[in-house]
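A.B. asks: I'd like to ask some things about the structure below.
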Amino acid sequence: MIFNSLSFVVFLVPVLLIYWSFFRKNSSYQNIILLISSLIFYAYADYRFLILLILSIGINYFLGLKIRRSEKELIQRRFLYLGLIFNIGLLIYFKYFNFFYEGFVKILNIFSIDANYNTLNILLPIGISFFTFQTLGYLIDVYNEEINPSNNLLEFSLFISYFPKILSGPIERAKSLIPQIEKKRIFSYEVFTDGLRQILWGLFAKMVIAEKCAEIVNPIFDNYENHSGSLLLIGSFFYAIQLYADFSGYSNMAIGISKLFGIQLMRNFATPFFSTNISDYWRKWHISLTTWMMDYVFTPLSFTLRSYQKRGLVISIIATFILVGFWHGANWTFIFYGLLHGLYFIPLVYSGKMNKSQIVAKGKLIPSFKELFKMLALFVLIMLTDIFFRANTVTEAFNYIASIFSYSLFKFPNELLSSSYLIGFVLLAFFILVEWKHRERHHDFEISNYNIIIRWSWYIIIFLLILFFGKSSETFIYFQF
């Protein structure tokens, strides 16, 4: 039941009607309908792991209470460690077991110890990376006394399982989401309509931009050995846009759907391709994951290595981004992807510019030449690095990049003259211009201050583009994580 499907519409509309009609009297009634809906939504996505989700909710709820109610710090720490072992253990078993097992067998073979390797058929519970990081953050915040543990099992269950974000985030923080769950939501026409706008833009990003890019990208990557370097470069360009449009489209839909219920989820993308350095890019790309890693991995690690000064900072950044890469999946391609991003920070660390960030061309129509050059240079770097994200192996990624920088790079690709490519470039130009225009706003399609004629003109244009060029898809890229 994905957001851009008819089945989800059939699910969502009755829930909204019941929520605002019969369950609006107090927060408990509202939370009951949302929790029931969330469990049904997750069961529809993968009923086999509903028990696992409920088990995770129950154990983490219990551990949160035990951490705070224990008077001795040693006991508190033990309950925290128990929570870390349980949650990280779930990830290791379901997501990384075969990766580590295969690596162990290869090490044995290096020492001439014969070992047979057969992967186990371990199914990956959908959304496990997202709700597990959410519970980890909750337990750490309770231990650090940044929040009080939830005493209400209903509210805590909804915090973990809330259906707009359960499958692919954003990775919410307890201090932001739980207070919204605790209080009664009052219907707001402005918030509701803004949610609909954000959903519309998310649908356009996914069904038109991401799917059009996929139409071009898949044949190129699946048969890259037989294409020219110029076409491979174009393929990597379209893939970078596809990855962004697919995930930001999902995030906008998730945030917009949540607004329909009067609950604000955190922003997950803030036009990252309009960044001028890698640090600013990661402040705007997958924000919920980046901030989670900065708070719970980078900050304590950099504090531990503070005596090493800039070297310690570099080590902390690289280690954090290796973990960012590994979070995405049990493959060396993701680890290498994270490593490269960590290495890109080194010049910023030694130049002292890592924390400098601002909106490009703020208050201006167009960027300066220097800003444009930096944005394009960074985009090319990201675009080439994303090849590791798309490739099946590190070797395949290097071969793809090597094929780009061959003599055929200067060969004009005849495919560019096809209608599919021409339409793709026109749609991308429209997509980029709209995002550029709204880069200083709270989301990419915030047009609430436009007059009614202009607003409805925008709605009709986006709707027609979805109608004529949109394609349905069975999944989103980040569902696999």
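The values are calculated or read from the model by the stated rules, or taken from the named source; none is laboratory data. Because the structure is a prediction, the values reported are computed rather than measured. Reconstructed Cβ throughout: ideal geometry from the backbone, glycine too, with neighbour counts over all protein chains shown. Note: accessible area is taken over every heavy atom of the protein model, side chains too, but ligands, DNA and RNA are not part of it. Shrake-Rupley method; radii C 1.70, N 1.55, O 1.52, S 1.80 Å.
A.B. asks: Could you put Tyr344, Tyr42, Tyr47 in order of accessible surface area, largest first, with the 1.4 Å probe and the full protein assembly present? It would help to have the intermediate numbers written out before the result.
C.D. replies: Details: Tyr344 55, Tyr42 0, Tyr47 165 Å².
Final ranking, largest accessible area leading: Tyr47, Tyr344, Tyr42.
A.B. asks: In segment 6-186, with Lys and Arg counted as +1 and Asp and Glu as -1 at Cβ, which of these residues, Leu65, Ile18, Asn144, has the Cα nearest the positive end of the dipole, that is, farthest along it?
C.D. replies: My answer, from the dipole projection, is Ile18.
A.B. asks: Related question: As a test of reading the structure, rank Asp246, Asp222 by solvent-accessible area (1.4 Å probe, protein chains only), most first.
C.D. replies: The ranking, largest first, comes out as Asp222, Asp246.
A.B. asks: Using unit Cβ charges (K, R positive; D, E negative) and no other charged atoms, how large, in debye to the nearest 20, is the dipole of segment 276-358 about its Cα centre?
C.D. replies: Taking the Cα centre of segment 276-358 as origin, the dipole is about 260 debye.
A.B. asks: I've got another one for you. Just from its helices, what would the mean residue ellipticity at 222 nm be for the chain, if runs of 4 or more DSSP H residues each count -39500 (n - 2.57) and the sum is divided by every residue, rounded to the nearest 500 deg cm²/dmol?
C.D. replies: My calculation for the chain gives -21500 deg cm²/dmol from helical runs alone.
A.B. asks: I would also like to ask the following. Please list, in order along segment 135-149, the HN-Hα scalar couplings obtained from phi with the Karplus expression 6.51 cos²θ - 1.76 cosθ + 1.60 (θ = phi - 60°), rounded to whole Hz, x for Gly and Pro.
C.D. replies: Per-residue couplings from phi come out as 5, 4, x, 4, 5, 5, 5, 5, 4, 7, 6, 7, 9, 8, x Hz.
A.B. asks: When the accessible area of segment 6-186 is computed with all protein chains present and a 1.4 Å probe, what percentage of it is carbon and sulfur?
C.D. replies: 63
A.B. asks: Just to confirm a number: summing +1 for Lys and Arg and -1 for Asp and Glu over residues other than Ile447 whose beta-carbon lies under 14 angstrom from that of Ile447, what do you get?
C.D. replies: -1
A.B. asks: Looking at the calculated P(r) for segment 179-277, what percent of the C-alpha pair distances fall above 18 Å?
C.D. replies: Here the tail beyond 18 Å accounts for 58 percent of pairs.
A.B. asks: With charges only on Cβ, +1 for K and R and -1 for D and E, what is the dipole size of segment 6-186 about its Cα centre, in debye, rounded to 20? The partial results should precede the final answer.
C.D. replies: Working: 17 positive and 11 negative charges, 108 e Å.
That gives a dipole near 520 debye.
A.B. asks: What percent does the relative contact order of the chain come to when contacts are Cα pairs within less than 8 Å and at least six residues apart?
C.D. replies: Relative contact order, the chain: 19 percent.
A.B. asks: Next up: Pop the C-beta distance of Leu422 and Asn98 into the FRET formula with R0 = 60 Å and round what comes out to the nearest 0.05.
C.D. replies: For R0 = 60 Å, the calculated efficiency reads 0.90.
A.B. asks: Quote the accessible area belonging to Leu196 in square angstrom, nearest 10, computed with a 1.4 Å probe and with ligands, DNA and RNA left uncounted.
C.D. replies: 80
A.B. asks: Let me ask something else. Can you find, among Cys213, Ser472, Asn451, the residue sitting farthest towards the positive end of the charge dipole of the chain, where Lys and Arg contribute +1 and Asp and Glu -1 at Cβ?
C.D. replies: Working it through, the farthest residue towards the positive pole turns out to be Asn451.
A.B. asks: Towards the positive end of the charge dipole of the chain, with charges on Cβ (+1 Lys, Arg; -1 Asp, Glu), say which of Leu158, Tyr47, Ile461 has the farthest Cα.
C.D. replies: Leu158
A.B. asks: Rank these residues by their accessible area, most exposed first, probe 1.4 Å: Val191, Val349. Don't skip to the answer; put the middle values down first.
C.D. replies: Details: Val191 60, Val349 10 Å².
Order by accessible area, largest first: Val191, Val349.
A.B. asks: If the viscosity is 0.890 mPa s and the temperature 25 °C, what translational diffusion coefficient in µm²/s does Stokes-Einstein give for segment 6-186 when Rh comes from Kirkwood over Cα pairs? If you can, show how the numbers build up before the last one.
C.D. replies: Details: Rh = 18.2 Å.
In µm²/s, the coefficient is 135.
A.B. asks: Now for a different question. With the other protein chains left in place, how much accessible area per residue, in square angstrom, belongs to segment 124-187 at a 1.4 angstrom probe?
C.D. replies: Values: 1950 Å² over 64 residues.
Accessible surface, normalised per residue, equals 31 Å².
A.B. asks: Quick one: putting +1 on the C-beta of Lys and Arg, -1 on the C-beta of Asp and Glu, what dipole do you get for the chain around its Cα centre, in Debye to the nearest 20? Show your work: numbers first, answer last.
C.D. replies: Values: 40 positive and 29 negative charges, 275 e Å.
The dipole of the chain has a size of about 1320 debye.
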